[in-house]
Every structure is written in structure tokens, then in C-alpha cells.
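Asker: Here's a structure for you.
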2 protein chains.
Amino acid sequence: MSDIVARVRDGNIRSAGRLISMIEAGDPSIEALLSLIYPHTGKSFRIGVTGPPGAGKSTLICELAGAYLASGRSVGIIAVDITSPFTGGALLGDRIRMQELTRDDRVFIRSIGNDGRPGGLSRSAQDAMRVLEAMGKGVVIVETAGVGQTDVDVVDSVDAVVLVTVPEAGDEVQALKAGILEAADVIVLNKADRPEADGLGTELQELVTGDYVGAGWQVPVIRTAASTGDGVDKLCEAINAYETYAKEENRLGARRKLQLEKEMRTRLREKMIATVDHSLDRIDLSEVVNLVNKGEKDLYEVVKDLVNFHKS
Amino acid sequence: MSDIVARVRDGNIRSAGRLISMIEAGDPSIEALLSLIYPHTGKSFRIGVTGPPGAGKSTLICELAGAYLASGRSVGIIAVDITSPFTGGALLGDRIRMQELTRDDRVFIRSIGNDGRPGGLSRSAQDAMRVLEAMGKGVVIVETAGVGQTDVDVVDSVDAVVLVTVPEAGDEVQALKAGILEAADVIVLNKADRPEADGLGTELQELVTGDYVGAGWQVPVIRTAASTGDGVDKLCEAINAYETYAKEENRLGARRKLQLEKEMRTRLREKMIATVDHSLDRIDLSEVVNLVNKGEKDLYEVVKDLVNFHKS
């Protein structure tokens, strides 16, 4: 069983792919394998790239990956966003960039979908990132669509959150404020060559400035035009600066510890729900419903009975 | 203990109010009381009025309540929407209408907030509706904001779903399509006197027509102007027609049976989560986190241990 784990640790792409397929399929033996994987994780720098579909995340990730490779670090990429070019819907330019990337054997790119388990996509993404870490990738990048619970969860499992937005997404900034924006370590205003970009750029800058006065890290707003490559070097610098900052004074260690506790709680909750759902599948609930309908039991009594049944 | 239940059954407003406050507060003795309440439910016709804030739901509900009173049926109203005039933010016209309503002792109006339990607001709303049913209200109306899980849950616990929308909400129709729209039994296009209303009205009509060809109930799109009262009589007719339809051939009974089974599952899940959360509060999870951090245990092992601990 540990053969596949050993091959993953050797950087074998086929074995890593097989393991991630098992994660996606919810294979019953995957958890034992992930237990073997786990001790070999924690050495990669994990970056989450999030933002609305069409913001140019994939193009930026290709550029970032190229820069990391040039600096001698290997890269693993997980795409959770189903609208991502990595998962099939690529523009020609992106596809060419991706093909160049995948030809480099220091890069591993994989998209993952939902397996239907509670919290399935989030947990699959976390598990898949660990496989890439065990492969020895220096940098692991995960791309999400920036909406919904999966993104919040993914944000909770990376070392750096890069939020990508575009001028068209102006109206969404209010929505972002509530959620992902406050989690961002670096903000990218992509397609910044468009005339509408100036207002949003200023707004974003104001939003992140107020909160962080006096704190150690001032969230930068980087203007890029991924299509021409403008600003990408600045983005790389900003992420590198954040990595240096995070690794000082064990900030990264403290962040990971909080994330670990949160993930434990979430996984435990989800397992308990899965246990309940699984056993409900075996109970004929319609019989209980009939009892309530006939007035022989009341709803609250029945739920209490079911809870006691599951606790015993 | 059953004194308060007896008083609620006599239609005592103070006792009903106290019971709903206990529901909101998550009082430990409330479930036993709800068990006593439950056998006296099921006789009211329950209407859910849902739609975006500012759509004029409360004004329409006041008009509806007036019409039901005029036809000799008593009315209970639960407002779940925190932006509802019923919960304080009323326009003067609404306040006057509400005051007139509350002076009538056949009407009981109550707003409820979230108590922080998992699914708290949804479950509180369902419980509070049952209190009004036990009071003997002929019609129970629940008002929700039309966004989020609470609304989906509320939709799942009423006999008729009235979706209220307005021309300004045009962009939200796409969002509605995915969720509440397909659950609507009656659609109201309020503020239909505005020029922008025509396009949305046609769009809504088209959306609901396709799906229901050949089915028993054609979802009507009613144009109202709640401020002038235009169209409110047609809305009452439409809801009455739906009530008649639902009560034929035990359609209502079948719908309630499905809802009951769903509520059982949801309550059971939430109880199990609450149990887990409660016991996690008593465990020092940081100790477990430290074990993982030191590499003495791995995350997956720890979660498995915790699951087994909770099952035993």
C-alpha cells in the first residue's frame, strides 16, 4: 500500500494523479494513504489564487509558475474552479502557456471536481494539495472561483491568499468586502489597462489600507495586464515579499496551527454528518413519518429518539 | 408545564409570545413544550411570503391578513426577515396598517431572530409557526428575505410559497431561477405600475409557463401595486385558488409528508453537529493540534480518533 506513497514522494506524476483520482472518487482506502502522506507535507509554500471567473487567474498562475521555475522552485497546481481553463475551457493562448508548463517535469497541474461528500470539494482540494506537497513541490498553487464555501475553505488552507479581480467586477467588490477580501494577502487588479480600472484600484487600495495601519503587512494592490504580462513581475515580488514576511517570527507556523485546528473541527463535523446520513439511508424513515402523521409520535420526540439512537 | 401550552391553545397572546421567546433563546425546556404543542398543529394553512428586501412583502402581508380577517379566518404572522417593517424598520404607512392589524385580537404578529444554533433561524421559524397553529390561527404567514438557506428551509415548511419581486430586482431573476422561483406557487410582481415592470413580468411568465405545461397548477404571475392596493384582490384570489387546489386529492397531505421527512433529517443532522460542537468545546483541541504539529499523529488519524470517540 505504501508503494504508491513512496512513488509519489519520488515525484512520480502518474502515482500522484492516481492518488488524486482516489481522493476525488472518495475511495475507502484513501484516508490510510493520506495518513502516510501527511508526515511528508508542510514544506511547500501554498498559494491560493481566488477571484471571479474570467478574472484571468489561470493566465496569472501560468506566469507565476514560470517565474517560480525560473527561480529554481518546482510547482504544483490544483484547479478547483470548474470554469478554469485548466479544467478544459482554455483560450488558445492559455492552452499554449499550459502546454509549455506541463512539458516541464517540475510542474504538475491537476483539476479536481466534487465527489458529492459533505464539503467534498474543499476536502478534496486540501487532500490533493497535500499530495503535491509530498511530491516535493516547492510551491503549491490552488485556483478557486472566489465564490461560495469551497473558496472560504481553500483560503483557510493556504499560506498566502492572492485575490484577483477585474474592472468589470466592480459591483462585486461590495460582496468581496464581506468575505474573501479581508482574507487577501495580496490583491491583483487584472486587466488594469482598461479605463474603468482606476476607480476600482483606488477603492481597493482604500479598503485594504484602513484596516492594516500599524500592522506588519500592508496588503498591496498590484495592477496587472495578464495578456501582455505587464505587472506580473511586481506580483511575483509582492508574493515573495509576503512569503519572507510570513516566515519571519513563525507567523506562518501560527497561521498553519489555527488552520489545522479549524480543519480538524470541519472534518469531524462532516464525518459525523456522513455517519448520520449513512445510517438514515438504512432506516426506513417513511415508517417514522407515518407514526408522526398518525399522531402516535410527535416530530420532536422522533428526532430525540433518532439522536439517542445515533449516540448509542 | 403544560399550563402554558393550554393557554396558547386558548389563544393567549402573552403565553404564545413567551413560548416564542423561549424558542428564540434556545431554552432547554422548549422541546418538551413543543412536543406538547405538536399534536395541535396541522390545521392552519401556512403561507410563506419571500422576496428581496424592499419588495413590499410586509405591505402585501398586511393586505392579505386584512382579506383573511374579512373572510372570517384568524391570522398569525411570523417575520424572519430582519429588514422587515414588522421587526422595526417600518415606513409610516406600514406602521399604521400594522397597528390596525394588531388591534384586531384575531391577529398575532411576531418577528424572530437568530439564536446562533446550527440552522437556528430556520428551526426557530418552524417552531414559532407551530405555536401560532396551536393558537388556532386559520392562516399562518411567514415572511422571509428570499436569500440564503433560511429561506429555502422556510419554503420547505409552508403549504404555499408566494414569491414577491419588483422591477428593480430584474438582475436577481437569474439568481431566483436557481432557487426559490421553482418553489413558488404564486408569483407577485409588485410595484407593477413602474415602466420597467413589463419586461420582467413577461420574463417571469415565460419562466413559469414552460415548466408546468400539462401539470395541475399553472403558477400565476400577479401584478400588484401594494401602495395603492391595485391587484391585491387578484393575489388573494390566486392564493385561495391554490389552497383549494392543494387540498384536493390530498396534495397538501403528500407535500407535508415530504416536508416532515426532510425536517426530521435536517433536525437530526443539526443535533448531531451540536453534539459534536458541544463536546469539542470541552476537549482541549490545542493539545491534539500540538501532537499533529510535532509529527506524533497525523491529521487523518486524529480525525478518525475523534469520530470514534463521538460514536462510542
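Asker: Condition test on residue B:160, is it in the same structural domain as residue B:219 (by TED's automatic domain parsing), modelled with pLDDT of 90 or more and under 27 Å from residue B:193 (Cα atoms)?
Answerer: yes
Asker: Pairs, please: C-beta under 7 Å, at least 6 apart or cross-chain, first residue under 19 Å from residue B:192 (Cα atoms) and in segment B:209-233, second loosely packed, with under 13 Cβ neighbours inside 10 Å and modelled with pLDDT under 80?
Answerer: Hits for this filter: B:219/B:212.
Asker: Separate question: From the set of residues in segment A:274-312 that are assigned to a loop (DSSP other than H, G, I, E, B) and within 7 Å of chain B (Cβ to nearest Cβ), which is surrounded by the fewest Cβ atoms within 10 Å (Cβ to Cβ)?
Answerer: Filtering segment A:274-312 for residues assigned to a loop (DSSP other than H, G, I, E, B) gives A:283-284, A:294-298, A:312.
Next cut, within 7 Å of chain B (Cβ to nearest Cβ) only: A:295, A:298.
Working: A:295: 10, A:298: 19.
The extreme case among them is A:295.
Asker: Can I ask one more? From B:76, B:56, B:11, grab the single residue that is surrounded by 15 or more Cβ atoms within 10 Å (Cβ to Cβ) and in contact with a helix residue (DSSP H, G or I) (Cβ under 6 Å, 6 or more places away or on another chain).
Answerer: Being surrounded by 15 or more Cβ atoms within 10 Å (Cβ to Cβ) and in contact with a helix residue (DSSP H, G or I) (Cβ under 6 Å, 6 or more places away or on another chain) holds for just one of B:76, B:56, B:11, which is B:76.
Asker: Another question about this same structure. Does residue B:201 meet the test of being surrounded by 13 or more Cβ atoms within 10 Å (Cβ to Cβ) and at pLDDT below 85? Please lay out each step first, then the result.
Answerer: On the way: surrounded by 13 or more Cβ atoms within 10 Å (Cβ to Cβ): yes; at pLDDT below 85: yes.
Here the answer is yes, as residue B:201 does meet what is asked.
Asker: If I ask for residues that are within 14 Å of chain A (Cβ to nearest Cβ) and closer than 13 Å to residue B:134 by Cβ, which ones from segment B:14-35 would you list?
Answerer: Within segment B:14-35, B:19, B:23, B:33, B:34, B:35 meet the criteria.
Asker: Can you pull out every residue in segment B:251-286 that is of a type in the set (S, T, N, Q) and either assigned by TED's automatic domain parsing to the domain that holds residue B:66 or touching a residue at least 60 places away in the same chain (Cβ under 8 Å) (or both)?
Answerer: Scanning segment B:251-286 gives B:259, B:266.
Asker: Residue under question is residue B:180, and the condition is that it be within 24 Å of the chain's Cα centre (by Cα) and at pLDDT 85 or above; does it hold?
Answerer: no
Asker: I'd like to know if segment B:226-244 contains one or more residues that are surrounded by 14 or more Cβ atoms within 10 Å (Cβ to Cβ), assigned to a helix (DSSP H, G or I) and within 14 Å of chain A (Cβ to nearest Cβ).
Answerer: no
Asker: Another question, then. Return the residues of segment A:103-128 that are within 21 Å of residue A:236 (Cα to Cα) and modelled with pLDDT of 80 or more; say none if nothing qualifies. Talk me through it step by step, then tell me what you get.
Answerer: Taking segment A:103-128 first, the residues within 21 Å of residue A:236 (Cα to Cα) are A:104, A:106-109.
Of everything in segment A:103-128, those that are within 21 Å of residue A:236 (Cα to Cα) and modelled with pLDDT of 80 or more turn out to be A:106, A:107, A:108, A:109.
Asker: For segment A:34-65, name all the residues that are at pLDDT 90 or above and under 16 Å from residue A:112 (Cβ atoms).
Answerer: A:34, A:37, A:46, A:48, A:49, A:61
Asker: If only one of B:247, B:262, B:257, B:271 is surrounded by fewer than 19 Cβ atoms within 10 Å (Cβ to Cβ), at the interface with another protein chain (Cβ under 9 Å from one of its Cβ atoms) and basic (Lys, Arg), which one is it?
Answerer: Of the residues listed, the single one that is surrounded by fewer than 19 Cβ atoms within 10 Å (Cβ to Cβ), at the interface with another protein chain (Cβ under 9 Å from one of its Cβ atoms) and basic (Lys, Arg) is B:257.
Asker: Quick one: in segment B:140-157, which of the residues that are part of a loop (DSSP other than H, G, I, E, B) and modelled with pLDDT of 85 or more is nearest to residue B:109 (Cα to Cα)?
Answerer: The qualifying residue nearest to residue B:109 (Cα to Cα) is B:157.
Asker: Could you count how many residues in segment A:6-50 are over 18 Å from the mean Cα position of the chain (by Cα), among the hydroxyl-bearing types (Ser, Thr, Tyr) and assigned to a helix (DSSP H, G or I)?
Answerer: 2
The values are calculated or read from the model by the stated rules, or taken from the named source; none is laboratory data. Note that the coordinates shown come from a computational prediction; the quantities given were computed from them, not determined experimentally. So basically every Cβ, Gly included, is an ideal-geometry build from the backbone, and we count neighbours across all protein chains shown.
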